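Asker: Just dropping this structure here.
The values are calculated or read from the model by the stated rules, or taken from the named source; none is laboratory data. Owing to the predicted nature of the structure, the values given are computational and were not obtained by experimental measurement. Neighbour counts are summed over all protein chains in view; Cβ atoms, including those assigned to glycine, are modelled from backbone coordinates with ideal geometry.
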Amino acid sequence: MTVLLLLAGGGFGAGIFGSLLGLGGGVLIVPLLTFGFGLPFREAVGVSLVCVIVTSSAAAGVYLERHLANLRLGMLLEVFTASGALVGGLIAFLLPDRVLAGLFALLLVYSGVTMLRRRAPAAGDASPASVVGDAAAGGVQAPGPFRAALAGPGYRPVRLGAGVGGSVFAGVVSALLGVGGGIVKVPLMHLVMQVPLKVATATSNLMIGVTASASAIVYLMRGGIDPLVAGPTAVGVFAGAMVGSRVAQRIDVGFLRLLFVAVLALTAVQMTVRALG
Amino acid sequence: MASGATPAGTAASRSAHVDLMIARILRAGTLVSIGLLAVGVALLAIAGGSPLERTLPGLDPARIPADIAALRPEGFLWLGLLATLVTPLLRVGASVLGFLGAGERRMAGLGVAVLIVITLAVVVAQRTAV
């Protein structure tokens, strides 16, 4: 009973933090389960993928209702993120835990640096008006019929080839490390494809469900997801994300961000020790 | 087609319709998934013991109805997990139908490609399962 409550409570905390800081939560759930509950790394990744799908499905519905996510662009790119996730899901069962832990440590360092550099408000707070404002700064190039179909109000995605290649990589990262892959997809869409930041974030969120499902199926069928752990954790993450999204406007996330970076740094050290040990 | 305004407007209105339909599917799927998982967690709490000390056999869909009928937590947890995984795929399926209805065959084709990748994931996972 105590462990059950701790799993749900830990998930709740990860859900709130993830929601307040604009993260999917996977970057918190994997360390929580490996260091907090002693789960093998691969099992923690499987549970994290389930949690990531739950939060993605809930948030993507809201993003679509607000017409922030670009469904067409998302569907194009998720063909490739899902392909990458399928490959990553298979590779994950071939790599030793230590290698996965080392890769996760790198991800944590990258996440921390990105978090410190971030000055804009969390993308989850996006409003349609701010999307139009971002879009005005986006690059536009002469569209073919297909590229035109991917366009949104005030922007047209460019460099589709790079977007496709990057999406495969994002899928592999998601499957190997149990994260949504937004940390790859959002910069890819925003900086490379010149999609407005708010749209990139919403579209990335929309894609996470399909991407994570492709690899979660592999984990599930190979016995990599324990429902007794995934159930309470996912319910906790969902509840935390709901609470976080409601209080986000009233909380100054500046201090939280610094605290989070400190937690990431500490976790990165622990992961590195695990990788080397 | 003198300017980009007309086709953009048409695409926007079609998009809005498909977006809303998919948003409803995602919301319903999430509620069903979380509802099932929450029932499973509640039953697990009633049963007592640590979830980390128990080991369940792998997924066997044929056993789920009997587990649910007997109010065993694993039945609700497995079904909740399956509902979680299927929700994004339902979203893709609905997108395919929506785009076909709007005459956007190329976009519908992308949705079908996603479903093919997912089917491939199932087949590969089955064949490589240990």
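Asker: In the set A:Leu23, A:Leu33, A:Leu86, which member is within 16 Å of A:Ala200 (Cβ to Cβ) and in contact (Cβ under 8 Å) with a residue 12 or more places away in the chain? Even if it seems obvious, please write down each step before you answer.
Answerer: Details: A:Leu33 fails: within 16 Å of A:Ala200 (Cβ to Cβ); A:Leu86 fails: within 16 Å of A:Ala200 (Cβ to Cβ).
After ruling out the rest, the residue left standing is A:Leu23.
Every residue, every condition in (1) on the phi > 0 side of the Ramachandran plot; (2) of a type in the set (Phe, Trp, Tyr); (3) in contact with a Ser or Thr (Cβ under 8 Å, 6 or more places away or on another chain), yes or no:
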{"residue": "A:Leu7", "(1), (2), (3)": "no, no, yes"}
{"residue": "A:Phe17", "(1), (2), (3)": "no, yes, no"}
{"residue": "A:Ile29", "(1), (2), (3)": "no, no, yes"}
{"residue": "A:Gly46", "(1), (2), (3)": "no, no, no"}
{"residue": "A:Val50", "(1), (2), (3)": "no, no, yes"}
{"residue": "A:Ala58", "(1), (2), (3)": "no, no, yes"}
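Asker: Under 6 Å by Cβ, and 6 or more places apart or on different chains, what pairs join a residue from region A:211-225 that is more than 21 Å from A:Val79 (Cβ to Cβ) and of a type outside the set (Asp, Glu) with one that is in a helix (DSSP H, G or I) and modelled with pLDDT of 90 or more?
Answerer: Matching pairs, first to second residue: A:Gly224/A:Arg42; A:Gly224/A:Gly46; A:Ile225/A:Gly46; A:Ile225/A:Tyr219.
Asker: I'm trying to understand the selection: among the residues of region B:87-111, which are of a type in the set (A, V, I, L, M, F, W, C), more than 7 Å from chain A (Cβ to nearest Cβ) and either closer than 18 Å to A:Ser57 by Cβ or loosely packed, with under 15 Cβ neighbours inside 10 Å (or both)?
Answerer: So in region B:87-111, the residues of a type in the set (A, V, I, L, M, F, W, C) come out as B:89-90, B:92, B:94, B:96-97, B:99-100, B:102, B:107-108, B:110.
Adding the requirement that they be more than 7 Å from chain A (Cβ to nearest Cβ) leaves B:90, B:94, B:96-97, B:99-100, B:102, B:108.
Scanning region B:87-111 gives B:Leu90, B:Ala94, B:Val96, B:Leu97.
Asker: Same structure, new question: Report the residue count in region A:154-191 for those that are among the charged types (D, E, K, R) and surrounded by 19 or more Cβ atoms within 10 Å (Cβ to Cβ). Break it down into steps so the answer makes sense when it comes.
Answerer: Within region A:154-191, the first condition is being among the charged types (D, E, K, R), and the residues that meet it are A:156, A:159, A:185.
Then drop every residue that is not surrounded by 19 or more Cβ atoms within 10 Å (Cβ to Cβ), which leaves A:156, A:185.
Here the count works out to 2.
Asker: Hey, among the residues in region A:9-65 that are at pLDDT 90 or above and part of a loop (DSSP other than H, G, I, E, B), which one's surrounded by the fewest Cβ atoms within 10 Å (Cβ to Cβ)?
Answerer: If we take residues in region A:9-65 being at pLDDT 90 or above and part of a loop (DSSP other than H, G, I, E, B), then A:Gly38 is surrounded by the fewest Cβ atoms within 10 Å (Cβ to Cβ).
Asker: Any idea which of A:Leu106, A:Leu95, A:Leu100 is at pLDDT 85 or above, surrounded by 23 or more Cβ atoms within 10 Å (Cβ to Cβ) and either away from every other protein chain (no Cβ under 14 Å) or part of a helix (DSSP H, G or I) (or both)?
Answerer: Exactly one of A:Leu106, A:Leu95, A:Leu100 is at pLDDT 85 or above, surrounded by 23 or more Cβ atoms within 10 Å (Cβ to Cβ) and either away from every other protein chain (no Cβ under 14 Å) or part of a helix (DSSP H, G or I) (or both), namely A:Leu100.
Asker: Out of the residues in region B:43-75 that are surrounded by fewer than 14 Cβ atoms within 10 Å (Cβ to Cβ) and assigned to a helix (DSSP H, G or I), which is farthest from the other protein chains (Cβ to nearest Cβ)?
Answerer: B:Ala69
Asker: A follow-up question, please. Out of B:Ser3, B:Ser15, which single residue is modelled with pLDDT under 80 and in contact with a Lys or Arg (Cβ under 9 Å, 6 or more places away or on another chain)? Spell out the reasoning first.
Answerer: Details: B:Ser3 fails: in contact with a Lys or Arg (Cβ under 9 Å, 6 or more places away or on another chain).
Of the residues listed, the single one that is modelled with pLDDT under 80 and in contact with a Lys or Arg (Cβ under 9 Å, 6 or more places away or on another chain) is B:Ser15.
Asker: Residues that are more than 24 Å from A:Val27 (Cα to Cα), facing chain B (nearest Cβ under 9 Å), in a helix (DSSP H, G or I) and modelled with pLDDT under 90: does region A:138-146 have at least one? It would help to see each step written out before you state the result.
Answerer: Going residue by residue through region A:138-146, those that are more than 24 Å from A:Val27 (Cα to Cα) are A:138-146.
Now restrict to residues that are facing chain B (nearest Cβ under 9 Å): A:143, A:145-146.
Among the residues that remain, those that are also in a helix (DSSP H, G or I) are: A:145-146.
So of that shortlist, the ones also modelled with pLDDT under 90 come out as A:145-146.
Yes: one or more hits.
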